[in-house]
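Following: one structure in structure tokens, then a few remarks.
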Amino acid sequence: MPEAERQSNPFLRIFAFLASYGVAAVILTLLLILTFLGTLEQVDHGLFAVQERYFNSLFLVHIFFGILPVPLPGAYLLMVLLFINLVCGAIIRSPKSWRRPGMLIAHSGILLLLLGAFVTYRYSIGGNMRLYEGEASSEFESYTGWVLEIVMVDAPAGADALIIPESDFADMAPGDTRTFHSDRLPFELAISGYGKNTRVEPMLGSHSMIGVDGFYLMTLPRDPEEEQNVAGAYVTVLEKESGKRHEGILWPLESHPYTVEVDGVDWAILLRRPRWTVPFTIVLDKFTMETHPGTNMAKVFLSDVTKLEGKSQEQIKIEMNEPLRYKGYTFFQASWGPQEARPGVRLFSVFAVVRNPADKWPLYACIVITGGLLIHFSQKLLLYLRREHRRRPAL
Amino acid sequence: MKRLQTIFVFASALLVALQVSAADSYTADNALPAAPQPWPDDVVDLWKTIPIQDGGRLKPLDTFAAFKMLKLHGKRTMRLTHAEATIKLSPIEWLLDCLFRADTAVTYPTFTVDNSSVIVAIGLAPHKKKRSRYSYTELQPSIERLFELAGQYNEIGAQQRNGLQTMTINLASNVNDFEFLLHYFDFARIPLALSATDLTPNADGPLMTTAALQMLPALRQIYLEGQSREPGSTSPVVESLSQILHYADTSIGLALLPPPDTDLLEWQTPGQLIRQAFQGPLPASEFQLLQALADLPKTVETPDRFKEQLQKFHGLVTERAEARSEYSKIRLEVAFYKGKYFYYSLCLYVLSFLSIALSWLSSADSRSSRILTRAAIVLVALPLILHITGIVLRCIIRSRPPVSTLYETILFIGAIAVFAALLMEYMNRQRIALALASLLGIGGMFLANKYEIKEAVDTMPSLVAVLDTNFWLATHVTTVTIGYAAGLLAAAIAHVYVLAKLFGLKRQKPEFFQSLTRMVYGVVCFGLLFSFTGTVLGGIWANDSWGRFWGWDPKENGALMIVLWNLIILHARMGGYIREYGLHTFAVFGGMIVAFSWWGVNLLGVGLHSYGFTSGVFQALVIFWCIEGGIILLGFFAWLRSQSVPIESE
């Protein structure tokens, strides 16, 4: 296509812009700046908050030196733009020659890596499973976030509980009240005073105007480590038939959930972490922790588990750097407890559990990219050596 | 002639700087009241190869002594003055004095105090110099106050403590370590309140702890009888029992006694065996080992008997350690430290740089220049061989790949940078990469030495569970550190370009600058390959151990920043946004990013890579960044100047 025509066609001009080295350099520079700022910010704000604000976002405002607000694109947006730039510039526009395949291969690998990042971000779930020796479980729990569960106390095991996802109440300010109702429930549920990090305190001597049975929810500053935050809320149960009101406090660290009797049936209402079920059961047979002799430094963490599925069972060892991968789920040896346990005390093991459809994609991408770079740079090096050989003086 | 002067001035300054760093910048105001007695060489050699379990691993006592001395004294040689004469003590000799000649050891200027305000704070008169070394005798009147203050400061979080508080805590910890050495043999040196006659009518002389351990039932009987006659009374037997229990708490500084059962991994101290004796009679083999150790202080004044006794103890311990397959690398480690590979390679790197600098005096084609260049190649290759030998020996001793600690990254990055620079020299033979090879070698060895002294802890530590994987240490860690080395090498070459342009050197030789540009470009590509592969491999490792490929952890981010910067350089160059000047100044900035990733992120005190936390390097890092920032500005200035020169005159 002649240059003049290319210049006049607005689509081609946009394509040329999107495919340009300039756009690539700008995106990479912004990513670099964002990575740097996001690293420094972790000191004060913790990993979770920084990750949400800088790396999982489309836009953000960074305050430089505590006074100068500067809007910046988030890493999520930048990676989408980088993907477009790569497709346009490195795949569609780049010359494709069997003699120089390195760059095409390497850039394809980066596309795979970015796609993997997207799939992981959107479709992976992760949490942990804590088992004492001898215990079994098919469920794992998220590290963060909360759901509201309403369940009949005497419901048979496996009966469906009513779950209100966090997205339905997480945006509430402490002064807001939100009412939930369902045909399955003989009452309406009003949630108020929702706090992201709270503690239940006696009202005695406090200035709180709201409270239940002499206790109130104290709102605490948000902990930089998201796992440490404990949400809390006031709950009002309004019976549909009688219009009777019951009030309570929902706080996940209470030893028993809030229960209320409506029409002769006991209901439990609780705030808890989201949970997922795996299609098999893990039994912790034995947990072993060895330290380097004469020190408290851990040398080996090791869980002997049995995987039960239908009638089959399999003995497996899960240890640091040796996870169990099965049916799309991966179980990693994460931690253990109780930390100060004396010999003979029953131990528990904590597994990080992840389901990530793109689990192995980074490995494939790494092989593809490294291969591509090796081919390309080796060709360049040979070219350089030939040139130098012609030029260089004798030593 | 002027060039010759410049080179000599530079070389002298370099040597002086190295000497100053190696020499003692502290002073001890006190001379020794009595001259230390020398230990015979064969005795010293035997002690060196005695194994000790410390920090979770078996090591020679020589290594233990060296790092203990480094922690307390700040050096691995102690200079003592007595009657105008200077005596040098090696770490093992110092340790032997602490163990067997406590009266003399307490007068040695053992404790390094960086700031005399610590001494003032505990109520003592400081030496004239702010930085000085103090003996235990000098500190003794205020030791209680020192521990009291350290206890208070320990309540403050490590990040919130000021310099004085940290130094006070460190001094208290050092004094504590020293006291454990001084009192290690108390159980074998100090007789109990009871005499041997009190227990066995036919025996005479003082009763020692080891003998009493065999008679604990009799002691218990005497104690019970005494208490039934006069409850709560004190008597020699009560005193002796409390003495023995006291030794169980104080004789714990050195785990020198291998357990008899191979299933038991923890080596014992005399204190632990004393406690064990209270729970039941010690097995004969254990008692024999303890007795052999306890007999050592008794014979210390008669060298022949001492040596004989030492050989006996050495034989017993090594025999058992060999049976437990724990002795195989002890002698190799002693030989490794005796070889001083990294020290000699530093000296040879300096010599090689001098040789290259001299070769610059004449034109490249002259005979003298060619001879000096060849000498320089040999002088760079030799220390590199020593450097690599040192790394390989460490790998054999540890049964690990070359890099698993921050200290080892310095050694490895240094070796890779020198090797890559030599390879480049082989390719283009401009004598630039050769000079950089020796400078990078000097820098690497100097930094390794400084870091080792500053940290003063064993550089071959046990590894936490997550790092206990030779596969990932060999792949991810080595690859990503090669990426670091490449970033630093590119920055080093870029310095030559910027400074040469700035000072108008080689103005008539555009091919010189073109060659530098090609080198930087090549090294950036090489760096991208390794830093990218290393970073992704790190993610794959994290996916296998923590369940996530990427977690935006500071160390991961640091590695990503290096990858991104290399990509920026290459894409900006391809797009024509940067040319020669841009490439070089960008490469200098790349060196700053490597420094951030390598050292800077550790200072943030957050993240999962906690094996790399370090403190006190912030100042050095800021100075480095300021200098590099200055180089970038100079590069920009030189570029501006070149733009103002009419094209035809270029």
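The values are calculated or read from the model by the stated rules, or taken from the named source; none is laboratory data. Just so we're clear, the structure is a prediction, and the values are computed from it rather than from any experiment. Backbone-built Cβ (ideal geometry, glycine too); neighbour counts: all protein chains shown.
Counting only residues that are in a helix (DSSP H, G or I) and within 25 Å of A:Thr144 (Cα to Cα), which one in the stretch A:63-78 is farthest from the other protein chains (Cβ to nearest Cβ)? So, considering only residues that are in a helix (DSSP H, G or I) and within 25 Å of A:Thr144 (Cα to Cα), the one farthest from the other protein chains (Cβ to nearest Cβ) is A:Leu77. Checking the stretch A:303-315 against the condition returns no match, with no residue being free of Cβ contacts under 8 Å to residues at least 40 places away in the same chain, charged (D, E, K, R), within 30 Å of A:Leu115 (Cα to Cα) and surrounded by 14 or more Cβ atoms within 10 Å (Cβ to Cβ).
Among the residues of the stretch B:185-207, those that are at negative phi and in a loop (DSSP other than H, G, I, E, B) comprise B:Phe185, B:Ile190, B:Pro191, B:Leu192, B:Ala193, B:Leu194, B:Thr200, B:Pro201, B:Asn202, B:Ala203, B:Asp204, B:Leu207. The residues of the stretch A:17-39 that are in contact (Cβ under 8 Å) with a residue 24 or more places away in the chain, among the aliphatic types (A, V, I, L, M) and not in a loop (DSSP other than H, G, I, E, B), listed by number, are A:Leu18, A:Val23, A:Ala24, A:Ile27, A:Leu28, A:Leu30, A:Leu31, A:Ile33, A:Leu34, A:Leu37. Those helices (runs of 4 or more DSSP H) of the stretch B:115-157 in which at least 1 residues are touching a residue at least 60 places away in the same chain (Cβ under 8 Å), considering only elements entirely within it, cover B:136-139.
Would a scan of the stretch A:352-361 turn up a residue that is of a type in the set (Phe, Trp, Tyr) and either more than 11 Å from chain B (Cβ to nearest Cβ) or under 21 Å from the mean Cα position of the chain (by Cα) (or both)? Taking every residue of the stretch A:352-361 in turn, at least one turns out to be of a type in the set (Phe, Trp, Tyr) and either more than 11 Å from chain B (Cβ to nearest Cβ) or under 21 Å from the mean Cα position of the chain (by Cα) (or both). One residue stands out among those in the stretch B:351-380 that are in contact with a helix residue (DSSP H, G or I) (Cβ under 6 Å, 6 or more places away or on another chain) and β-branched (Val, Ile, Thr): the one that is farthest from B:Arg76 (Cα to Cα), which is B:Thr373. For B:Ser251, are the conditions met, namely being among the small types (Gly, Ala, Ser) and more than 49 Å from the chain's Cα centre (by Cα)? Considered against the rule, which asks whether it is among the small types (Gly, Ala, Ser) and more than 49 Å from the chain's Cα centre (by Cα), B:Ser251 comes out as no. Before we move on, is B:Ser362 outside any helix (DSSP H, G or I), touching a residue at least 60 places away in the same chain (Cβ under 8 Å) and either among the polar types (S, T, N, Q) or closer than 16 Å to B:Thr478 by Cα (or both)? No: the conditions fail for B:Ser362. When each of A:Thr277, A:Thr288 is tested for being surrounded by fewer than 15 Cβ atoms within 10 Å (Cβ to Cβ) and either away from chain B (no Cβ under 14 Å) or touching an Asp or Glu at 6+ places or on another chain (Cβ under 7 Å) (or both), the lone residue that passes is A:Thr277.
Give the residues of the stretch B:183-222 that are surrounded by 20 or more Cβ atoms within 10 Å (Cβ to Cβ) and touching a residue at least 60 places away in the same chain (Cβ under 8 Å), sorted by residue number. The answer is B:His183, B:Tyr184, B:Phe185, B:Phe187, B:Ala188, B:Thr209, B:Thr210, B:Leu213. Among the residues of the stretch B:258-270, is any in contact (Cβ under 8 Å) with a residue 60 or more places away in the chain, within 16 Å of B:Ile190 (Cα to Cα) and more than 14 Å from chain A (Cβ to nearest Cβ)? Yes - at least one qualifying residue is present in the stretch B:258-270.
Applying the condition of being surrounded by fewer than 17 Cβ atoms within 10 Å (Cβ to Cβ), assigned to a loop (DSSP other than H, G, I, E, B) and at pLDDT 90 or above to the stretch A:316-351 and asking which residue is nearest to the other protein chains (Cβ to nearest Cβ) yields A:Gly328.
If you go through the stretch B:586-604 and keep only what is without any contact (Cβ under 8 Å) to a residue 24 or more places away in the chain and touching a Ser or Thr at 6+ places or on another chain (Cβ under 7 Å), you end up with nothing. For the stretch B:63-92, a tally of residues being surrounded by fewer than 20 Cβ atoms within 10 Å (Cβ to Cβ) and part of a helix (DSSP H, G or I) returns 1. Scanning the stretch A:153-166 for residues that are over 19 Å from A:Trp251 (Cβ atoms) and at pLDDT below 90 yields A:Asp154, A:Ala155, A:Pro156, A:Ala157, A:Gly158, A:Ala159, A:Asp160. Here B:Gly551 clears all of (1) surrounded by fewer than 20 Cβ atoms within 10 Å (Cβ to Cβ); (2) within 13 Å of another protein chain (Cβ to nearest Cβ); (3) in a helix (DSSP H, G or I); (4) not acidic (Asp, Glu) except the condition numbered (3). Restricted to the stretch B:423-462, and to residues there that are at pLDDT below 90 and in a loop (DSSP other than H, G, I, E, B), the residue that is nearest to the other protein chains (Cβ to nearest Cβ) is B:Arg429.
Once the stretch A:113-133 is narrowed to residues that are within 11 Å of chain B (Cβ to nearest Cβ) and crowded, with 18+ Cβ neighbours inside 10 Å, the residue that is farthest from B:Val536 (Cα to Cα) is A:Asn128. The condition of being facing chain A (nearest Cβ under 9 Å) and touching a residue at least 24 places away in the same chain (Cβ under 8 Å) holds for only one of B:Leu564, B:Leu528, B:Leu583, that being B:Leu528.
Consider the stretch B:230-257 and keep the residues that are within 13 Å of chain A (Cβ to nearest Cβ) and at pLDDT below 95. The one that is surrounded by the most Cβ atoms within 10 Å (Cβ to Cβ) is B:Gly253. Of all residue pairs spaced 6 or more apart or on separate chains, those with beta-carbon atoms under 6 Å, a first member in the stretch A:40-62 that is more than 10 Å from chain B (Cβ to nearest Cβ) and a second member that is surrounded by fewer than 16 Cβ atoms within 10 Å (Cβ to Cβ) and not in a helix (DSSP H, G or I) are A:Val61/A:Pro69; A:Val61/A:Pro71; A:His62/A:Val70.
Could you check the stretch A:209-243 and list, in sequence order, the residues that are in contact (Cβ under 8 Å) with a residue 12 or more places away in the chain and either of a type in the set (Gly, Ala, Ser) or closer than 18 Å to A:Phe180 by Cβ (or both)? Within the stretch A:209-243, A:Gly214, A:Ala231, A:Gly232, A:Ala233, A:Tyr234, A:Val235, A:Thr236, A:Val237, A:Leu238, A:Glu239, A:Lys240, A:Glu241 qualify. Flag set for A:Val235, criterion: away from every other protein chain (no Cβ under 14 Å), assigned to a strand (DSSP E or B) and β-branched (Val, Ile, Thr).
Condition check ((1) among the polar types (S, T, N, Q); (2) closer than 26 Å to B:Pro38 by Cα; (3) in contact with a Ser or Thr (Cβ under 7 Å, 6 or more places away or on another chain)) across all residues:
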position: B:Phe100; (1), (2), (3): no, yes, no
position: B:Thr110; (1), (2), (3): yes, yes, yes
position: B:Ile143; (1), (2), (3): no, no, no
position: B:Ala150; (1), (2), (3): no, no, yes
position: B:Ile156; (1), (2), (3): no, no, no
position: B:Asn162; (1), (2), (3): yes, no, no
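Applying the selection to the stretch B:271-298, what residues are small (Gly, Ala, Ser) and free of Cβ contacts under 8 Å to residues at least 12 places away in the same chain? B:Gly280, B:Ala284 - these are the residues of the stretch B:271-298 that are small (Gly, Ala, Ser) and free of Cβ contacts under 8 Å to residues at least 12 places away in the same chain.
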